[in-house]
Amino acid sequence: YQVNNTKEFNYVENLDLIDEANGYVLTVRPFLVHVGDELILIDAGFGLHQDGKSELVNRIEEVGFYATAVSRILISHLHKDHIGGIGRMVDNKLETYFPNAKIYIHEDEMMYTMALEGHHSYDFNIIKGLQYHPQVNYLRENEGQISKNIRFEKVGGHVPHQMVFWISDEDDIVFYGADNLPQKSYLKYDCAFKNDINGKDAQESRRIWQEQMKKENWTVLFYHGKSTAVKKF
């Protein structure tokens with residue numbers, strides 16, 4: 001996508017035609033993780049539709065699954081490029097594309113976001129549709145287990161209630177640092193970034209994770225990774 005100063009997202013098919021004077025380019029990569037009998041979606045993208053159909057659903061079907069098979073959706077935070085693909089509004093109600101999935105959002109993130117109504121970084125139609133949606137399960141602790149395979153932690157940084165997740169089995173640990181670790185290049189530079197509400201917290205998180213990911217051979221997912229989406233350490 002090309003994103004301008006008012007957080008308008010425009011889908012770009014040919015990067016050679018980009019005029020950076022009109023905004024920066026942002027890669028958006030929701031992740032689907034299959035572990036045991038669980039199909040887990042991590043964040044839901046911006047919500048691109050092609051020929052009237054969700055591009056996220058298309059991509060899931062392309063790799064041999066169905067949206068109805070997704071059992072859990074993990075939401076790191078409520079920026080519109082992380083939740084826009086979760087469904088569509090029909091008669092002022094949110095109709096999700098994943099009807100059999102439990103959706104996990106931290107309650108503090110919802111309360112914080114609802115106080116920002118009108119902010120360009122959010123789609124408040126989707127957020128209000130999620131607020132009391134029967135599929136939503138609110139997390140209230142700062143850290144814990146969603147299931148035997150899924151661990152979460154509220155770390156702050158990019159947004160005050162930024163969530164990160166670990167999905168593990170006997171063979172691997174998959175880590176998703178969301179927008180505290182959106183690209184592999186963030187590991188190269190030990191600094192705070194100005195697009196984070198608390199860049200120092202995000203920086204400290206990366207320091208801790210970088211040591212752990214090498215020690216424990218994590219597979220790391222980069223949501224905004226331009227050239228690297230997944231890397232095993």
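The values are calculated or read from the model by the stated rules, or taken from the named source; none is laboratory data. The model shown is predicted, which means the values in this text are computed figures rather than measured ones. No Cβ is skipped: glycine too gets one built from the backbone with ideal geometry, and neighbour counts run over all protein chains shown. Only protein heavy atoms, including side chains, enter the accessible area calculation; ligands, DNA and RNA are left aside. Shrake-Rupley method; radii C 1.70, N 1.55, O 1.52, S 1.80 Å.
Grab the strands (runs of 3 or more DSSP E) fully contained in the range 84-129, keeping just those with 3 or more residues being among the polar types (S, T, N, Q), under 17 Å from the mean Cα position of the chain (by Cα) and surrounded by 13 or more Cβ atoms within 10 Å (Cβ to Cβ).
Passing ranges: none, list empty.
Kindly indicate whether any position in the range 138-152 is in contact with a His (Cβ under 8 Å, 6 or more places away or on another chain), charged (D, E, K, R) and more than 29 Å from residue 232 (Cβ to Cβ).
Checking the range 138-152: at least one residue is in contact with a His (Cβ under 8 Å, 6 or more places away or on another chain), charged (D, E, K, R) and more than 29 Å from residue 232 (Cβ to Cβ).
Could you tell me whether residue 47 is in a loop (DSSP other than H, G, I, E, B), open to solvent by less than 70 Å² (accessible area, probe 1.4 Å) and either under 18 Å from residue 126 (Cβ atoms) or in contact (Cβ under 8 Å) with a residue 60 or more places away in the chain (or both)?
yes
I'm trying to understand the selection: among the residues of the range 50-72, which are in a strand (DSSP E or B) and without any contact (Cβ under 8 Å) to a residue 40 or more places away in the chain?
Within the range 50-72, 50, 53 meet the criteria.
Which condition number does residue 85 fail, the rest of (1) under 22 Å from residue 69 (Cα atoms); (2) out of contact with any Pro (no Cβ under 8 Å at 6 or more places or on another chain) being met?
Answer for residue 85: the failing condition is (2).
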